Amino acid sequence: MAAVDSVAAPARTVEVRPRAVSRRERWGRRLPLLPALIYTIVVTQIPFVVTLWYSFQSYFWDQPGGAHFTGLSNYKTVFTNAAFRGALVRSVVMTAAAVIVAMLLGLAFAVLLDRKFFGRGVVRTLIITPFLVMPAAAALVWASPMLDPNFGLLNYLLEPFGVHHVAWLSTHALGSVIVVMIWQWTPFMTLIVLAGLQSQPPDILEAAKVDGAGALATFRELTIPHLRPYIELGILLGSIYLVNTFDAVRLMTNGGPGTATTNLPFFLYQEVNNAFDVGGAAAAGVVTVFLTIIVATFALRLFARVFQFEEASG
Amino acid sequence: MTALPVRPGARMLRQWSGKIGWAVLAWVVAVAFFIPVLWMVITAFKPESAAETWPPKFIFSPTLAEFRLAVTGMGPFLLHSVVATVGSTILVLLLGVPAAYALSVYPVRRWRDGLFFFISTKMLPIVAAIGPLYVIALHTRLLDSIWLLIILYTAMNLPLAVWMIRSFMLEVPQELLEAARLDGAGRFREIGAVILPLISPGLVSTALICVIFAWNELFLAINLTVTNAATLPMFLISSVPQEGLFIAHLCAAATIASVPVIIVGWIAQRSLVRGLSMGAIK
């Protein structure tokens, strides 16, 4: 990369590579970036450094004496804690299930919306609405008016299919929470895939048609490869937000019944608010961050792919 | 048997029925998806006695009583939500526009690393640091203050905003920038007079997405605020009483809390689509 640049630089007049740029110029370029960079480092990184510090301390809100060093004992507790492992597994299951189903539905909806038909604008408006509803409001509305065993609308709508007063939140708690996550994030996936569909060059599709390719073959051979970066992006952004799901868990099931819907965010919330265990929560947080970094490394590689796509097409 | 030539009338009929089938399918899906929202709004207009019935009531005499009840006491929460949302969105744009500029138009040497750093901060789950965040807020006297929410919501939205604004800036034709430079425009004039007017639709969609995420945020608010900065999602939670009939009341409060963002999103949905797709990919 660098070698190519130093050879190519003299020939180009525009886009002078920073290598050939004076020190003053370099700082001139850097200056606009610094406020956002410093802000982000301070606000997002310092809490994690402090988390690391507290993970080696014994510190309970409700006990006098403040924090004191305890070595690795918090970590020992975390790794032997079945509740933490359970929450970890549930977080992965909930996120994966919600993201995958939301993406499949999003694909289907986007294909539906890509054609012209009567009232397309209204249909799109209706479909994106769940994404705009406040998640806390959505969770509360799903919890009672929709899913209540005695008067919930869902049981009423499903009655013709032989469903009678199911107590969804006690018998299918995890599934119910996942359904609400899917309901809120399908619009997001729809919009991203729809943008991908609409950015398809029409002449290629036309050419495929002229060559006698069927609709299904065209979709498989042309559309899906074209959509790939959009799908990857949707999955990535969806995962980033959905792994932090808290509102639906807190307001629909409060983590229960038992710990059936306790995911990591809710587990950590309980550690701090009910067990008053800052040290233990910090250690659990550090472990979470390390696991996230492993996953994120792969995710960032995906982002790099999106980049290559951008450069290739732009 | 010779194949009968398809009469034009029949072909048109088939085309039409295909079109209608498509439209019907799309409408059914959309309405099914919209039902929970519709049910929330309908229930909000019910008297409490009609809200918890079996079978559910679809015909009733609508009343604004629950809205009136829900609005009482909402004032401070609404104010906090507006301040936190607007404040953080303005701050995001103030920080994000120059940063995006430094990562696209006049790129710093390691712009790729810079961009990845911003995105990577979104991958660290903020929930992991919630206990220490509480301690930090306590020591900096920011606990339960609206400034804390503004600061945190800005950090929460800044990475996606930088990514989006940068991609809008990449769309600005190179010739226009060169022309401005030849005219002797400095950096500020280049940003203010050439780039900003061109990317203003993109900025609107960026701001819109920041508004949605800030307005709807609950986790940080519930952990770090009590009364002085409690936002609308927290009002919603507090409006659920422990006993008695409350469904209509809950739906009225949920409707009021959700409607501002829903309306803004409906009006700006084209720009939302643009923001999510163009902004993120190209």
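Read-outs throughout are calculated quantities, based only on the coordinates presented, and are distinct from any laboratory measurement. A quick note: this is a predicted structure, and the numbers were derived from the prediction, not measured. Ideal geometry is used to build each Cβ from the backbone, glycine not excepted, and the neighbour counts take in all protein chains shown.
Quick notes
- Calculated log₁₀ intensity ratio I(q)/I(0) where the Debye formula runs over C-alpha points of the protein assembly as shown, q = 0.05, 0.09 Å⁻¹: -0.25, -0.79
- Residue-averaged 222 nm ellipticity for the protein assembly as shown, from DSSP H runs of 4+ at -39500 (n - 2.57), nearest 500: -22000 deg cm²/dmol
- Here the peptides B:226-235, A:113-122, B:265-274 are ranked by packing, the mean other Cβ count within 10 Å, and the order with the highest first is B:226-235, B:265-274, A:113-122.
- Max mean-square fluctuation residue, GNM over chain A, Cα-Cα springs under 10 Å, options A:222, A:233, A:34: A:34
- The mean count of C-beta atoms from other chains within 10 Å of the C-beta of residues in B:21-30, rounded to a whole number, is 6.
- Relative to the Cα centre, the charge distribution of segment B:74-281, modelled as +1 at Lys and Arg Cβ and -1 at Asp and Glu Cβ, gives a dipole magnitude of about 380 debye.
- Each of the peptides A:50-63, B:11-24, A:67-80 was scored by the mean count of other Cβ atoms within 10 Å over its residues; in descending order, highest first, they stand as A:50-63, A:67-80, B:11-24.
- Listed by chain and number, the aspartates and glutamates whose C-alpha is less than 16 Å from the C-alpha of residue B:19, apart from same-chain residues fewer than 8 away, are A:114.
- Segments A:160-166, B:67-73 sorted - mean Cβ within 10 Å per residue, highest first: B:67-73, A:160-166
- Here is the tail figure for segment B:44-132: Cα pairs spaced more than 14 Å apart come to 80 percent of all pairs.
- Residues with amide H under 5 Å from that of residue A:57, placed H, sequence gap 5 or more: A:70
- Ignoring lysines fewer than eight residues from residue B:122 along the same chain, the ones with Cα atoms less than 25 angstrom from its Cα are B:282.
- For chain B, taking the reciprocal of the average inverse distance between every pair of different Cα atoms yields a Kirkwood hydrodynamic radius of 22.7 Å.
- For segment B:1-151, the relative contact order comes to 17 percent (Cα pairs under 8 Å, sequence separation of at least 6).
- For the segment A:115-123, counting C-beta atoms of other chains within 10 Å of every residue's C-beta and taking the mean gives 5.
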